[in-house]
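Report on the following structure.
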Amino acid sequence: MTTIEARPPWDDVPWRGPEGQAIPSRADVVVVGGGIMGAAAAYELVGRGLSVVLVEKGRVGGEQSGRNWGWVRQQARDEDELPLMQASNARWQALEAELGMSIEWTQAGNLALATDPARIEFFESWVKVAEAAGLDTRLIDQAEIRRLLPALEGEWLGAMYTPSDGHAEPALATGAFASAAVARGVVVAEDCAVDRILVDSGRVTGVETERGVIRADIVVCAAGVWATRLLRGVGIDLPVRIVHTSVARTRPVERITEAGVGYHPVVSLRQRRSGALYLAAGGWSDYDITLDSFSHLRAFLPNYLKNRKMIKVHVGRPLLEDLRRRALRRDLAWRLRHDRVLSPPANPEKVRSAVANFRRIFPTIPIEIDRAWAGYTDTTPDAIPVIDELSSPAGLVVATGFSGHGFGMGPIVGRLVAEQIVDRRPSLDLHAFRLGRFADGTCRRARLVT
């Protein structure tokens, strides 16, 4: 029997924030958001000698950074993201030793399966991108697929395989970054909402939280799905759509793979060290219509049309709740306190689809669902993030809009944020990730979800 719970497996999370810790009234940097981006940025910044306060309205890793699929995937990335993912992959390989705790890092590759010629054509085109970037992606035939996945059944035209890809446990990795940051001297304030970013004479001066003001010359906004609302308060227009995806976890089964496996669009899976499988129904995401859906509609329309088979649009309770909040004039501060940890219910149809398709291609592996959950993802019109130090207001750094790709990029983005602030020049080219691309007409259309 499937147990649908709207929460991830928190029993796997070692992170427990310090209790009763006073929040300083002053710091060099305030990081807003306790996901992997915020935790990694805080860790890197304090390592560069800055005093840092990390502020999180709920709990560290409570939202998508603790709920995602856990893939660290270079394969099939957007070409602009690929250099960041290659650098991030190199960091993942040493993270357990660096952070001093297990994150269940497994480097055994990523395998994308195909049964139709169009998908093989995409693989062939992307392998050329990989070759140009020096990445070890290659096409493999049915014989090698069988070697990598002995229990897999069915006829396959081929697969795309990237041996250097890997996966890790999301909640463990986010908690490890937060714990290591605290050990270095970061103050972490959980259950502490940031109501607004403070600005004076065109420059950031700190943040106003529910527990008082923290003065700082630099603010890093890594607030995930909350970033758009927070940035709106300082006059920044960030086009983002919020989608949610569901994941199911099985009870432990025999070892069937070390790699991450995707059979688009019907099922994706990875297996934990315990033997438990994480299953998701491929690239299919749910999108709830809200009042925000009617802003930036023109910017998102090409993405909707191109990926219309992969996005399930729902009109219902979220829109009604939005209208009710508007009527009652409930502001951002109310919402931040009311929604401490966003926990959308898992989509039972999606869970059933993932389970049925897994059983079809692995018929000899009996599975029983232990838990299922969902999480919200912030998606930009071109499906790549914003990583930018703004000129107005000065002192504001934005790292958000990761469009479902953020977990794997977290370690390198944390470092790049620190480089932007301390060195004034990041070690990788971030031009493609400018916030200004949405206003100046250089934002590219998103390619088809793969």
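Listing for the model above:
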| item | result |
| --- | --- |
| Residue list for the stretch 216-273, restricted to those being farther than 30 Å from Ile197 by Cα, in contact (Cβ under 8 Å) with a residue 60 or more places away in the chain and of a type in the set (S, T, N, Q) | Ser246, Thr250, Thr257, Ser268 |
| Criterion: within 21 Å of Thr174 (Cα to Cα), outside any loop (DSSP other than H, G, I, E, B), in contact with a Phe, Trp or Tyr (Cβ under 9 Å, 6 or more places away or on another chain) and hydrophobic (A, V, I, L, M, F, W, C) - qualifying residue of Trp92, Trp69 | Trp92 |
| Verdict on Arg232 being farther than 20 Å from Thr400 by Cα and either surrounded by fewer than 23 Cβ atoms within 10 Å (Cβ to Cβ) or modelled with pLDDT under 95 (or both) | no |
| Criterion violated by Ser392 - all others in (1) farther than 27 Å from Ala76 by Cβ; (2) out of contact with any strand residue (DSSP E or B) (no Cβ under 7 Å at 6 or more places or on another chain); (3) part of a helix (DSSP H, G or I) satisfied | (3) |
| Filter result (more than 19 Å from the chain's Cα centre (by Cα) and either surrounded by fewer than 24 Cβ atoms within 10 Å (Cβ to Cβ) or small (Gly, Ala, Ser) (or both)) within the stretch 27-45 | Ala27, Asp28 |
| Residue within the stretch 101-123 that is surrounded by fewer than 20 Cβ atoms within 10 Å (Cβ to Cβ), within 19 Å of Ser179 (Cβ to Cβ), modelled with pLDDT under 95 and out of contact with any strand residue (DSSP E or B) (no Cβ under 9 Å at 6 or more places or on another chain) present | yes |
| Near pairs, Cβ below 7 angstrom, 6+ apart or cross-chain, from the stretch 73-99 (more than 23 Å from Val127 (Cα to Cα)) to any residue that is small (Gly, Ala, Ser) and in a loop (DSSP other than H, G, I, E, B) | Glu96/Ser102 |
| Those residues of the stretch 252-267 which are under 22 Å from the mean Cα position of the chain (by Cα) and surrounded by fewer than 19 Cβ atoms within 10 Å (Cβ to Cβ), in sequence order | Glu258, Pro265 |
| Among residues of the stretch 166-204, those that are in a strand (DSSP E or B) and under 20 Å from the mean Cα position of the chain (by Cα), counted | 2 |
| Residue, modelled with the lowest pLDDT, within the stretch 409-450, restricted to residues that are surrounded by fewer than 18 Cβ atoms within 10 Å (Cβ to Cβ), part of a helix (DSSP H, G or I) and not charged (D, E, K, R) | Ala439 |
| Of residues in the stretch 188-209 being of a type outside the set (Val, Ile, Thr) and under 15 Å from Leu54 (Cβ atoms), the one surrounded by the fewest Cβ atoms within 10 Å (Cβ to Cβ) | Asp191 |
| Filtered residues of the stretch 420-438 (kept if out of contact with any helix residue (DSSP H, G or I) (no Cβ under 8 Å at 6 or more places or on another chain) and either under 22 Å from Trp71 (Cβ atoms) or not basic (Lys, Arg) (or both)) | Gln420, Asp423, His431, Ala432, Phe433, Leu435, Gly436 |
| Meets criteria (outside any loop (DSSP other than H, G, I, E, B) and either surrounded by fewer than 24 Cβ atoms within 10 Å (Cβ to Cβ) or of a type in the set (Val, Ile, Thr) (or both)) for Val53 | yes |
| Among the residues listed as Asp378, Asp423, Asp388, the single one being in contact with a Gly (Cβ under 6 Å, 6 or more places away or on another chain) and among the charged types (D, E, K, R) | Asp378 |
| Test for Val52: is it among the hydrophobic types (A, V, I, L, M, F, W, C), over 18 Å from the mean Cα position of the chain (by Cα) and within 19 Å of Ile412 (Cβ to Cβ) | yes |
| From Gly158, Gly185, residue being touching a strand residue (DSSP E or B) at 6+ places or on another chain (Cβ under 8 Å) and surrounded by fewer than 18 Cβ atoms within 10 Å (Cβ to Cβ) | Gly185 |
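To keep it simple, each residue is scored yes or no on (1) surrounded by 15 or more Cβ atoms within 10 Å (Cβ to Cβ); (2) not basic (Lys, Arg).
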| position | (1), (2) |
| --- | --- |
| Lys350 | yes, no |
| Pro366 | no, yes |
| Asp370 | yes, yes |
| Gly375 | yes, yes |
| Thr379 | yes, yes |
| Ser391 | no, yes |
| Val397 | yes, yes |
| Gly406 | yes, yes |
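The values are calculated or read from the model by the stated rules, or taken from the named source; none is laboratory data. None of the values given here were measured: they were computed from a predicted structure. Glycine also receives a Cβ, built like all others from the backbone with ideal geometry; neighbour counts cover every protein chain displayed.
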